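Below: the structure, in structure tokens.
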Amino acid sequence: NNQCRNIVYSSSATVYDPEEKSPLTENSFTKPINPYGKTKYSNEILLKDIFTSNSDKWKIAILRYFNPIGSHPSGKIGESTIGLPNNLFPYICQVAQGKIQELKIYGDNWPTKDGTAVRDYVHVMDLSEGHLAALECLFSEDPQILTINLGTGKGTTVLELVQTFQKVNQSKFKYVFTKRRAGDCAVLFANIELAKSRLNWFPRNNLDDMCRDGWLWQCNNPKGYC
Ligand code: UDP
């Protein structure tokens, strides 16, 4: 075997119990409710077992992503969805492009400031910096297993994201309110103090940057990578 004992694992905020109150810390209760979250959580457990089996050798960072959006600022690397997008941001991009007629906003009666659900959107470039910071931390310290949230620590409603996208990109598109989507929760955002203190990492891009960069990729790649 190649003796590789350094691992940075892409986990997700979906491992947290949806009943937990945000901001979520790494110690908040976990209880994934969908298959995606369950696979992420199973792998976290597997990594913890692997670490325990040889705790003087392994260096492992489990990174729990919140809602990554945006693209590389060149507009050359972005998210190419196959078929209809499920996630909000690629959906917005395709509605703005005219590929899809309207955006459906799932619920207008959530207990939030404007009735739409709150999430923690983080720029993919900040996320990639988070991986480098995690690797640097692992390389410079003794063997360990770390679990760390990567988000911005700020909650944004669906309507705020839509309005920011429209403002930044001078784009108008139609949206309608429909019923809540099964499995969604009202508010989910991160506490990122651990990432700041342990990795010396913090997000540099704001929501305007995420909307601008993500839209640039969409404009440059109207058909995705097909
Ligand atoms: N959402 C929406 N319309 C869509 C897709 C998503 O209103 O077409 C909402 C969804 O209900 C959630 C938020 O946007 O409150 C983020 O959803 P997404 O699927 O991007 O990420 P999740 O946090 O669910 O993993």
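None of the figures in this text is laboratory data; all of them are computed from the coordinates on show. This structure is a prediction, so every number in the text was calculated from the model and none was measured. Ideal geometry is used to build each Cβ from the backbone, glycine not excepted, and the neighbour counts take in all protein chains shown.
Here are some notes:
- ³J(HN,Hα), Karplus 6.51/-1.76/1.60, whole Hz, each residue of the range 83-93, x for Gly, Pro: x, 6, x, 9, 7, 4, 5, x, 5, 4, 4
- If the convex hull is drawn through the Cα atoms of the range 6-82, its volume per residue in Å³: 138
- Kirkwood-type radius of the range 95-163, with distances r between different C-alpha atoms, in Å: 15.2
- Kirkwood estimate for the range 61-206, i.e. one over the average of 1/r between Cα atoms, Å: 16.7
- Residues with amide H under 5 Å from that of Ile105, placed H, sequence gap 5 or more: Val176, Phe177, Thr178
- Between helix 35-53 and the chain: long-axis angle, C-alpha atoms, 0 to 90°, nearest 10: 20
- Length added when fully stretched, Tyr225-Val176, from 0.36 nm per residue minus Cα-Cα: 14.7 nm
- Simple spin-label estimate for Asn34 and Asp142 in nanometres, 7 Å along Cα-Cβ: 4.1
- Taking Cβ atoms as reference points and 11 Å as the exclusive limit, the residues near Ser12 contribute a net charge of +2, counting Lys and Arg as +1 and Asp and Glu as -1.
- What separates the Cα centres of the range 125-189 and the range 1-78 is a distance of 14 Å.
- Most mobile listed residue (Ala61, Ala133, Ala182) in the chain, GNM with C-alpha springs under 10 Å: Ala182
- In sequence order, calculated HN-Hα J values of the range 214-226 (Karplus, 6.51, -1.76, 1.60; Hz; x Gly/Pro): x, 6, 4, 4, 4, 5, 6, 10, x, 9, x, 9, 5
- Ellipsoid equivalent to the range 1-140 - semi-axes via the Cα gyration tensor, in Å: 32, 21, 14
- In the range 66-117, one over the average inverse separation of all distinct C-alpha pairs is 12.8 Å, which is the Kirkwood hydrodynamic radius.
- Residue with peak Gaussian network fluctuation, the chain [Cα springs, cutoff 10 Å], from Leu46, Leu194, Leu150: Leu46
- For Gln97 and Leu132, the FRET efficiency from 1/(1 + (r/R0)^6), where r spans their Cβ atoms and R0 equals 30 Å, is about 0.40.
- Annotation: amide H-H contacts under 5 Å for Val122 (H modelled 1.01 Å from N, sequence separation of 5 or more, or interchain): Asn67, Ile69.
- Additional length obtainable on full extension of the chain from Phe202 to Ser55, 0.36 nm per residue less Cα span: 50.1 nm
- Most mobile listed residue (Pro143, Pro18, Pro68) in the chain, GNM with C-alpha springs under 10 Å: Pro143
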